[in-house]
Amino acid sequence: MSYDSVIVPGGFSFGDHLRAGSIAAHAPAMEIVRKMADDGKTVLGICNGFQILIEAGLLPGALLRNSSLKFVCRWTNLHIANNESAFTCEFEHDSKARMPIAHNEGRFFADEDLINQLQAEGRIVMTYAGANPTGTSRGIAAISNAEGNVVGMMPHPERASDSALGGTDGLKVFGSMVKWARC
């Protein structure tokens, strides 16, 4: 395959009529995404893309409606909990970043055993710093697979990639992807 990376973007796939990402997870294109992930290539799911990666079995857990039961659209502060993933290796460990979120079903959920496992394995990539805008378990905003080449995140780095948009912290997510692909 001639591609080094794939980004599964946000948006409302198939109108999210059944469950966010559940129909898109079975689209023929996802076979290519699975193969790329298995081959160690970088795969990033942003917002609805994160939901698709979970529904496709590339990442564990579930994404539920925000605890407020309302759509949340605002800038938020993030803590970089793991800077060794394909999408955070340009960040300093324990650093902060600022990116927007925009979703209704962005509350990461898993049982305590899985969350403890993710934490022990360093697979919690980003958490919300300060306020938890979605009510997500332990403030989780992004997780990775065991190898670190697949990451799902609810914040939108593409909306934080130019100062005219309000900030540039999202550029480090994409810079990390390029750096990882070159290794």
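None of the figures in this text is laboratory data; all of them are computed from the coordinates on show. What you see is a predicted model, and the numbers here were worked out from it, not measured in a lab. Using ideal geometry, Cβ is built from the backbone for each residue, glycine included, and neighbour counts are taken over all protein chains shown.
A few comments on the model shown:
- Separation in nanometres of the label points that stand 7 Å from Cα toward Cβ, at A27 and E84: 3.3
- For region 97-105, 3J(HN,Hα) per residue [Karplus equation, 6.51 cos²θ - 1.76 cosθ + 1.60, θ = phi - 60°, Hz, x = Gly/Pro]: 9, 10, 8, x, 10, 7, 6, 10, 10
- Per-peptide average of other Cβ atoms within 10 Å, ordering 126-139, 145-158 highest first: 145-158, 126-139
- Lysine pair count for the chain (Cα-Cα distance under 21 Å; residues 8 or more apart in sequence or on different chains): 5.
- For the chain, the alpha carbon convex hull comes to 112 Å³ per residue, rounded to a whole number.
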